[in-house]
Amino acid sequence: MAKVIVKDLHKSYADNEVLKGLNLEVQDNEVVCMIGPSGSGKSTFLRCLNDLEVPTEGQVVISGYDLSDKGTNINLVRENIGMVFQHFNLFPHLSVLQNITLAPTQLKKSSQEDAEKMARDLLATVGLSDKADAMPKSLSGGQKQRVAIARALAMHPKIMLFDEPTSALDPEMVGDVLDVMKKLAADGMTMIVVTHEMGFAKEVADRVVFMADGQIQESGKPDEIFNHPQSPRLQDFLDKVINV
Amino acid sequence: MKKWQVEVVMLLAALGSWFVVGTRAQAKTYTIATDTTFAPFEFQAKGGTYKGIDIDILKAISKREHFTYQLKAISFGAAVQQLSADQVDGVIAGMNITPERKQTFDFSNPYYTSGVVMAVAKGSKIKSFSDLKGKTVALKTGTAAATYAKTLQSKYGFKIKYFNDSNNMYNDVKVGNSDACFEDYPVMSYGIKNGIALKIVSKQYAAGDYGFAVKKGKNAELLKKFNAGLKEIKADGTYKKIVDKYLHSSESSLTGETASSRTFVGLFTQNLGTIGSGLWMTLELTVISIILATILGLALGVLGVMPGKIGPAISSTIIYIFRGMPLMVLAFFIYIGFPDLIGHGFKIPAFVAGMITLMLNEGAYTGAFVKGGFAAVDDGQMEAARSLGLPYWKAMRKVIMPQGIRIMIPSFINQFIITLKDTSILSVIGIVELTQTGTLIIARNFEGFKIWLMIAIIYLIIITLLTWLSNWVQRRIN
Ligand SMILES: Nc1ncnc2c1ncn2[C@@H]1O[C@H](COP(=O)(O)OP(=O)(O)OP(=O)(O)O)[C@@H](O)[C@H]1O
Ligand SMILES: [Mg+2]
């Protein structure tokens with residue numbers, strides 16, 4: 001069964017319908033990139049996948065757990081989905097190491113000792129071995145985002161969600177973060193990435209989804225989307241993005 | 001985590017036992033209330049014990065009639081209120097027997113007869129009631145003198161200003177804010193003999209009888225004993241000895257203070273014990289109230305930022321009520337109003353009532369800034385914590401609270417200082433804390449300026465220490 005199944009997803013804020021019936025399936029090990037104009041509902045969609053937003057209508061099934069089912073323990077589902085935010089959201093009162101070990105130790109996934117060992121391994125993977133005892137405010141944006149990725153990975157998630165992870169970064173930092181994400185993809189992580197980095201989408205994505213006006217307008221292999229766009233909406237969007 | 005839970009349980013247990021002890025102790029012995037500053041009938045002598053005609057008469061009678069009692073010195077107004085609310089068994093406080101009071105109280109046979117006089121500042125030109133036109137008259141609330149002066153008001157056309165204790169009233173006349181005051185003759189003449197710069201300019205009017213009072217229909221046995229004892233001490237000469245002792249001697253020989261002790265330092269060392277115990281009470285109240293108010297405030301703050309509508313609504317309502325109510329009203333409500341509502345002789349010790357008052361009031365203020373502090377933490381923090389699978393309360397405790405509390409530290413320090421100062425308001429329900437100590441000392445030696453300066457300096461010293469401590473804690477946390 002697919003890792004992520006979304007059926008006829010609707011989301012409204014008061015009278016404003018932001019998501020107008022989305023359908024999507026993501027398979028194991030698949031990397032899906034979502035692109036689309038600002039305000040089209042990409043973040044909202046992503047947040048519906050781990051219940052940070054509650055859909056108005058429709059169904060979301062993650063690794064077999066139906067989120068709309070009252071009996072589903074949402075905290076258990078969230079342990080299986082890591083999320084990385086545009087603004088990192090590191091915990092400023094905790095050191096880098098504590099940021100990473102907080103959830104595994106609090107949720108009794110591992111002992112303090114094991115969690116710290118794992119945290120150091122993860123920091124090595126994202127290239128920040130020397131920053132274990134630093135406080136978040138002393139890190140650059142790119143370093144913060146890599147810590148945030150390590151923090152999410154510490155729960156051993158089966159799926160990772162990225163919401164414009166490089167949008168808040170200085171251009172010279174973007175590469176480091178994208179490299180970490182490429183490594184993750186190569187290791188077989190199931191990923192949904194909202195991004196404006198078309199180069200990353202072309203290179204890494206198994207599938208690219210174009211969203212506009214609260215709906216999926218087009219989806220397909222990177223080559224189909226970027227080189228043979230079908231709808232005028234997508235052509236228009238690509239023109240704008242590439243001309244920037 | 002476990003440790004603070006244990007502490008809370010212990011604190012609650014201590015509170016509970018206070019209630020029980022407080023209620024039981026009063027069931028066995030009579031609780032008799034008196035005024036704090038009504039020399040020569042009652043006043044505090046050096047070392048904090050009470051002396052005076054009323055006190056000695058009561059003591060002599062209790063010996064003859066074999067009953068035990070606990071003396072409770074509070075303001076006259078509070079004593080009368082507490083008697084009518086069944087919080088005390090009797091009142092002996094130079095209380096005039098009036099038809100009005102007989103509606104609510106049963107009185108003993110009269111034990112003293114006194115009249116009301118008018119007194120003015122030493123250099124004043126006022127000689128009679130007719131000189132009072134357009135002037136201000138100082139009165140003490142709830143006294144027979146006040147009632148009498150009120151009957152003169154329309155005829156002589158003066159303004160009235162009320163005070164809660166005699167010394168502030170005298171002082172107001174002395175410094176010229178008011179032009180005259182009305183007071184019971186023995187009280188006034190005793191004060192003047194002991195250095196109050198006033199003079200009596202009228203003869204005695206509206207002579208009235210002082211009586212010992214119990215609540216109407218209650219404590220008939222106590223009243224019977226009082227009357228019987230009074231008859232005995234009048235017959236055997238004890239009564240006359242007591243009255244003479246107070247009306248024909250000067251204050252210093254009664255309070256044990258020497259004239260040389262009237263310097264600032266002298267006053268301080270003389271009254272060290274009294275001030276020390278007042279200070280201790282203030283500190284005790286402050287510390288316990290700060291702890292309780294902080295717990296309540298944190299609870300209200302957490303409730304206030306909870307998802308959904310019910311938690312925030314409850315939090316806002318509680319904050320609204322207890323922040324909006326003046327501390328003094330709240331204190332009276334809890335100490336006098338609440339037991340009155342429950343009935344069945346339910347009593348709250350003044351200390352416990354004071355603590356609850358401060359907890360609710362300061363807790364409401366604390367709740368408001370705690371809520372604000374939590375709300376000031378970026379929403380992304382909660383989302384990040386939740387997306388890691390942390391349940392709401394864990395996320396709150398491990399992520400939101402540590403950050404929020406850091407934001408709140410200056411507000412906490414501020415609130416601690418306010419709590420310390422607010423304890424002084426609790427003197428209205430008879431808690432003898434630092435401020436009340438000052439009132440009591442002045443009541444016997446009339447050294448208003450020096451004593452208030454002393455008290456003010458002590459407050460400033462504690463507040464300075466508290467600020468240092470808080471700043472040190474703040475530096476440690478950051
Ligand atoms: N909590 C909310 N309350 C009301 N409206 C919201 C809320 N969150 C999002 N919206 C609205 O939903 C729409 C979609 O927002 P969303 O953040 O999902 O867009 P996006 O595609 O991620 O845009 P961007 O590329 O700028 O991040 C916007 O019009 C936004 O104003
Ligand atoms: Mg977005």
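The values are calculated or read from the model by the stated rules, or taken from the named source; none is laboratory data. Model, not experiment: these values are computed from the prediction. Here the Cβ is made from the backbone with ideal geometry for all residues, glycine too, and neighbour counts use every protein chain on show. Accessible surface areas use protein heavy atoms only, side chains included; no ligands, DNA or RNA. Shrake-Rupley method; radii C 1.70, N 1.55, O 1.52, S 1.80 Å.
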* Could you work out the mean projected area of the convex hull around the alpha carbons of the protein assembly as shown, in square nanometres to one decimal? => 42.7
* Asked: Counting only residues 5 or more places away or on other chains, whose amide H sits under 5 Å from the amide H of residue A:21 once H atoms are built in the peptide plane?
  -> A:9, A:10, A:11
* Asked: Full extension from residue B:49 to residue B:263: what is 0.36 nm times the residue separation minus their Cα-Cα distance, to one decimal in nm?
  -> 74.8 nm
* Structure fact -> Semi-axes in Å, largest first, for the range A:125-244 (Cα gyration tensor, √(5λ)) are 30, 16, 12
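I'd like the projected area of the range A:18-57, averaged over all directions, using the convex hull of its alpha carbons. Report it in nm² with one decimal.
Values: hull surface 13.3 nm².
With every direction weighted equally, the projected area is 3.3 nm².
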* **Residue-by-residue Karplus 3J(HN,Hα) for the range A:215-222, coefficients 6.51, -1.76, 1.60, Hz, glycine and proline x** => 9, 7, 8, 7, 8, x, 5, x
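For chain A, return all DSSP H helices satisfying: extent of Cα atoms along own axis at least 27 Å; mean Kyte-Doolittle hydropathy at least 1.6.
On the way: long enough: none.
None clear 27 Å together with a mean of 1.6.
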* Structure fact -> As straight-line cross-link partners of residue B:215, the qualifying lysines (C-alpha separation under 18 Å, not fewer than 8 residues apart within one chain) are B:28, B:72, B:102, B:224, B:225, B:347
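Can you figure out the FRET efficiency of residue B:113 with residue B:328, using R₀ = 45 Å and their beta-carbon distance, to the nearest 0.05?
On the way: r = 35 Å, r/R0 = 0.78.
Computed FRET efficiency for residue B:113 and residue B:328: 0.80.
In Å², nearest 100, what accessible area do chains A and B bury in total when the solvent probe is 1.4 Å?
Working: alone 11650 and 22330 Å², together 32240 Å².
Separately minus together, A and B give about 1700 Å² buried.
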* Provide the solvent-accessible area of residue B:450, counting protein heavy atoms only and rolling a 1.4 Å probe, rounded to the nearest 10 Å². => 60
* What's the carbon and sulfur percent of the protein assembly as shown's accessible surface, probe 1.4 angstrom, rounded to a whole number? -> 58
* With the solvent-accessible surface defined on protein heavy atoms using a 1.4 Å probe, which residues belonging to the range B:350-398 display a reduction of at least 40 Å² in accessible area in the multichain context relative to the isolated chain? -> B:381, B:383, B:384, B:386, B:387, B:388, B:389, B:390, B:394, B:398
* At residue B:193 and residue B:220, where each label point lies 7 Å from the Cα along Cα→Cβ, what is the point-to-point distance in nanometres? -> 4.0
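Cα-Cα pairs above 43 Å in chain B: how many percent?
Above the 43 Å cut-off, chain B has 26 percent of its Cα pairs.
Go through the range A:130-221 and name the chymotrypsin sites (Phe, Trp or Tyr not before Pro) that are in a DSSP coil and have 12 or fewer other Cβ atoms within 10 Å of their Cβ. Walk me through the numbers before you get to the answer.
Working: sites: A:162, A:200, A:210; in loops: none.
Listed in order of number, the matching sites amount to none.
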* **Residues of chain B: accessible area per residue with a 1.4 Å probe, Å²** => 45
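What are the membrane-span-like helices in chain B by this rule: whole DSSP H runs, Cα extent along the axis at least 15 Å, mean Kyte-Doolittle hydropathy at least 1.6?
Working: long enough: B:2-28 (40 Å, 0.50); B:53-65 (18 Å, 0.00); B:144-156 (18 Å, -0.39); B:220-235 (23 Å, -0.15); B:272-304 (46 Å, 1.80); B:310-324 (21 Å, 1.11); B:350-376 (38 Å, 1.03); B:401-422 (29 Å, 0.58); B:434-445 (17 Å, 0.37); B:448-477 (43 Å, 1.31).
Membrane-span-like by this rule: B:272-304.
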* Asked: What accessible area per residue comes out for the range A:1-144, rounded to a whole number of Å², with a 1.4 Å probe?
  -> 45
* Asked: Over the Cα atoms of the range A:118-191, Rg to Rh with Kirkwood Rh, two decimal places?
  -> 0.93
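Using the Cα gyration tensor of the range A:88-151, with a ≥ b ≥ c the square roots of its eigenvalues, what is the shape: rounded (a/c below 1.5), prolate (a/b larger than b/c) or oblate (neither)? Write down the numbers at each step before the final one.
Working: a/c = 1.97, a/b = 1.47, b/c = 1.34.
It comes out prolate by the Cα gyration axes.
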* If the cut-off is a Cα-Cα distance under 23 Å, which lysines reach residue B:135, setting aside same-chain residues fewer than 8 apart in sequence? -> B:122, B:125, B:127, B:150, B:155, B:159, B:161, B:174, B:199, B:203
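Please pull out the direction-averaged projected area of the range A:19-155, using the convex hull of its alpha-carbon atoms, in nm² to one decimal place.
Working: hull surface 39.0 nm².
Taking the Cα atoms of the range A:19-155, their convex hull projects to 9.7 nm² on average.
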* To do: Would you mind counting up the charge near residue B:421? Only other residues with Cβ under 12 Å from its Cβ, with Lys and Arg at +1 and Asp and Glu at -1.
  => -3
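Under the classification rounded if a/c is under 1.5, otherwise prolate if a/b is larger than b/c and oblate if not, where does the range B:428-478 fall, given a ≥ b ≥ c as square roots of the Cα gyration tensor eigenvalues?
Details: a/c = 6.80, a/b = 2.51, b/c = 2.71.
It comes out oblate by the Cα gyration axes.
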* Asked: Do you know which residues of the range A:53-85 lose at least 30 square angstrom of accessible area in the protein assembly compared with their chain on its own, with a 1.4 angstrom probe?
  -> A:75, A:78, A:85
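From the Cα trace of chain A, what convex hull volume per residue do you get, rounded to a whole Å³? If you can, show how the numbers build up before the last one.
Details: hull volume 32.3 nm³, N = 244.
With only Cα atoms used, chain A gives 132 Å³ per residue.
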* Structure fact -> Quick calc: nm separation of the 7 Å Cα→Cβ label points for residue A:8 and residue B:467 -> 6.7
